[in-house]
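Undergrad: One structure is given below, represented as structure tokens, and several questions about it will come after.
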Amino acid sequence: MSKLLGKFCSVANYNEMIMPKSFPGYITPPGQPLKEDGQKIVFKYIPIDYNIIYDLDGGNFEEDAGERYTYTVEDSYIPPAPVKEGYTFVGWQPEDIKIGTMQDNLTFTAGWTINAELCTGEELHELFELLAASENLSLQDITAIRKSDYAPRESFNAIDLSTTSNEIKAWLNKEAYSIMIYSKDTIHCNKDMSSAFKDMTNLIYISDMVEWVCPKGANIDNLFKNCSMLADITAVTRWADGEFSSFAGAFDGTIAVEAGRVPLWYRWNARIKYESISGKSIADDMIGEFIPGQEVYSKNIVGYTSSAHSLTIDEPDKDYVFSYIPIEYNITYETDGAIVENPKTKYTIEDETYYPPEPYKDGSTFVKWEPEFIYKGSHGDVVFNAKFI
């Protein structure tokens, strides 16, 4: 919809050029000649495009963030938040562009604070062991990882878990068998959190971790492996929006896995195939998502026995094969004394259709077998009865 910038009335001579007014922030259009009495003249103004510059100080915009690089006097604009590894964005200077602004090369400067980032999972595991040992305990005695609202006193023998200048202090509350963690800023996970809480067999409380920020692409292999009492893992279900580089064994050995209470992202794509030892596919493949470490069972297929009762999903994007052995069924012949040369005594569901040889008996003429043959795909023991006249 067009915007009215102004209007005026005047008198002029025929063919006289009527010149438009100038308005800040707009390109002034050319004049128009007066052609008739009472003529209405409309001048179309185009807003001037002013450039926007970003000083990101090493940061960047994520794909499809929607940042703009020009604006006009008619626009208001707040840039999207950029990202910078190891830092948290705290705002723009200036905060925004307001309608009526007419500054070319307007520069937005990003403000950052360094994150309070945890050390690697393996390093955390070692530090937790030291904390427990300092009170003559072990990791198996720890029941909770809790947030502290206050900084530790000197008598707490706290240690720093951070890799940056923003400290993350941890100490042991022996009476509650809890590791207490304090940070004045939001706690950010390391990109490698593997094995951080592994083997804490009595760990039951991790709810305060819901406030921790985990980066996309983090490795959380064996994060809570063998934490056998851990049933509630809700706190980490939204970490990294479920986008991890690897999460093998993250919840192995927990009650959460046994009860099926794991995040939706805790799945591996896999294909289950059912094949005869001859290499023949004998059932439709099962394609789906499986919990890491999940046990998948073979199924009953007529005419075959499975060489394995179950298999374990131990890798993502892998084909898992149940191998089946064709069952050998017995063939017997009721010939009333007739002779059958080289009769087949066994067959499987995969054998070609079988016609038994004609029997020979003195003084009789062979008419037929009942049944006449074993067709391919048959199963079960078969008795051929010879008919004579």
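Undergrad: For residues that are at pLDDT 95 or above and hydrophobic (A, V, I, L, M, F, W, C), scanning just region 173-187, find the one that is nearest to the chain's Cα centre (by Cα).
TA: ILE187
Undergrad: Filter region 291-315 down to the residues that are surrounded by fewer than 16 Cβ atoms within 10 Å (Cβ to Cβ) and of a type outside the set (A, V, I, L, M, F, W, C) and list them by number.
TA: GLU295, TYR297, LYS299, ASN300, THR305, SER307, HIS309, SER310, THR312, ASP314, GLU315
Undergrad: Just one of the numbered conditions (1) exposed (fewer than 14 other Cβ atoms within 10 Å of the Cβ); (2) under 17 Å from the mean Cα position of the chain (by Cα); (3) assigned to a loop (DSSP other than H, G, I, E, B) is not true of SER278; which one?
TA: (2)
Undergrad: Is there a residue in region 225-238 that is surrounded by fewer than 13 Cβ atoms within 10 Å (Cβ to Cβ) and farther than 23 Å from ILE181 by Cα?
TA: Filtering region 225-238 for residues surrounded by fewer than 13 Cβ atoms within 10 Å (Cβ to Cβ) gives 238.
Filter once more, so that each one left must be farther than 23 Å from ILE181 by Cα: none.
Checked against the condition, which is being surrounded by fewer than 13 Cβ atoms within 10 Å (Cβ to Cβ) and farther than 23 Å from ILE181 by Cα, region 225-238 yields no hits at all.
Undergrad: Can you tell me which residue in region 84-107 is farthest from LEU56 (Cα to Cα), limited to those that are of a type in the set (Val, Ile, Thr) and surrounded by fewer than 16 Cβ atoms within 10 Å (Cβ to Cβ)?
TA: That would be ILE99.
Undergrad: Further, regarding this structure: Testing GLY91 on (1) assigned to a loop (DSSP other than H, G, I, E, B); (2) on the phi > 0 side of the Ramachandran plot; (3) of a type outside the set (Asp, Glu), one condition comes back false. Which one is that?
TA: The failed condition is (1).
Undergrad: Out of the residues in region 194-230 meeting the condition of being part of a loop (DSSP other than H, G, I, E, B), under 21 Å from the mean Cα position of the chain (by Cα) and among the hydrophobic types (A, V, I, L, M, F, W, C), tell me which one is nearest to LYS147 (Cα to Cα).
TA: TRP212
Undergrad: Moving to a separate point now. Residues of region 66-88 being assigned to a loop (DSSP other than H, G, I, E, B) and within 30 Å of ILE27 (Cα to Cα), which ones?
TA: If the condition is that a residue be assigned to a loop (DSSP other than H, G, I, E, B) and within 30 Å of ILE27 (Cα to Cα), then GLY66, GLU67, ARG68, TYR69, THR72, VAL73, GLU74, ASP75, SER76, ILE78, PRO79, PRO80 are the ones that fit.
Undergrad: Please state which one of ILE41, ILE52 is over 30 Å from ALA196 (Cα atoms) and assigned to a strand (DSSP E or B).
TA: ILE52
Undergrad: What are the residues in region 153-172 that are small (Gly, Ala, Ser) and over 30 Å from the mean Cα position of the chain (by Cα), if any?
TA: Scanning region 153-172 gives SER155, ALA158, SER165, ALA170.
Undergrad: If I ask for residues that are under 28 Å from PHE244 (Cα atoms) and surrounded by fewer than 16 Cβ atoms within 10 Å (Cβ to Cβ), which ones from region 281-290 would you list?
TA: Selection gives ASP285, MET286, ILE287, GLY288, GLU289.
Undergrad: Here is a further query. Can you work out which of the residues in region 352-370 that are assigned to a loop (DSSP other than H, G, I, E, B) and within 58 Å of the chain's Cα centre (by Cα) is surrounded by the fewest Cβ atoms within 10 Å (Cβ to Cβ)?
TA: That would be GLU352.
Undergrad: Residues that are farther than 27 Å from PRO357 by Cα: find the strands (runs of 3 or more DSSP E) completely inside region 289-338 holding 1 or more of those.
TA: On the way: elements: 295-297, 304-306, 310-312, 318-326, 329-334.
Because the criterion is at least 1 residues that are farther than 27 Å from PRO357 by Cα, the strands (runs of 3 or more DSSP E) in region 289-338 that meet it are 295-297, 304-306, 310-312, 318-326.
Undergrad: Would you pick out the residues in region 242-275 that are assigned to a loop (DSSP other than H, G, I, E, B) and of a type in the set (A, V, I, L, M, F, W, C)?
TA: Within region 242-275, PHE247, ALA248, ALA250, PHE251, ALA259, VAL262, LEU264, TRP265 meet the criteria.
Undergrad: Take ALA110 and decide whether it is small (Gly, Ala, Ser), assigned to a helix (DSSP H, G or I) and either at pLDDT 95 or above or touching a strand residue (DSSP E or B) at 6+ places or on another chain (Cβ under 8 Å) (or both).
TA: Values: small (Gly, Ala, Ser): yes; assigned to a helix (DSSP H, G or I): no; either at pLDDT 95 or above or touching a strand residue (DSSP E or B) at 6+ places or on another chain (Cβ under 8 Å) (or both): yes.
Judged against the criteria, ALA110 is not a match.
Undergrad: Can you give me the number of residues within region 1-20 that are surrounded by 12 or more Cβ atoms within 10 Å (Cβ to Cβ) and closer than 21 Å to THR101 by Cβ?
TA: Counting residues in region 1-20 that are surrounded by 12 or more Cβ atoms within 10 Å (Cβ to Cβ) and closer than 21 Å to THR101 by Cβ gives 1.
Undergrad: Looking at this structure, is ILE339 in contact (Cβ under 8 Å) with a residue 40 or more places away in the chain and aliphatic (A, V, I, L, M)?
TA: In short, no.
Undergrad: Quick one: which of TYR354, TYR324, TYR329 is farther than 14 Å from VAL302 by Cα and either at pLDDT 95 or above or of a type outside the set (A, V, I, L, M, F, W, C) (or both)?
TA: TYR354
The values are calculated or read from the model by the stated rules, or taken from the named source; none is laboratory data. Everything numeric in this text was worked out from a predicted model, so none of it was measured. Neighbour counts are summed over all protein chains in view; Cβ atoms, including those assigned to glycine, are modelled from backbone coordinates with ideal geometry.
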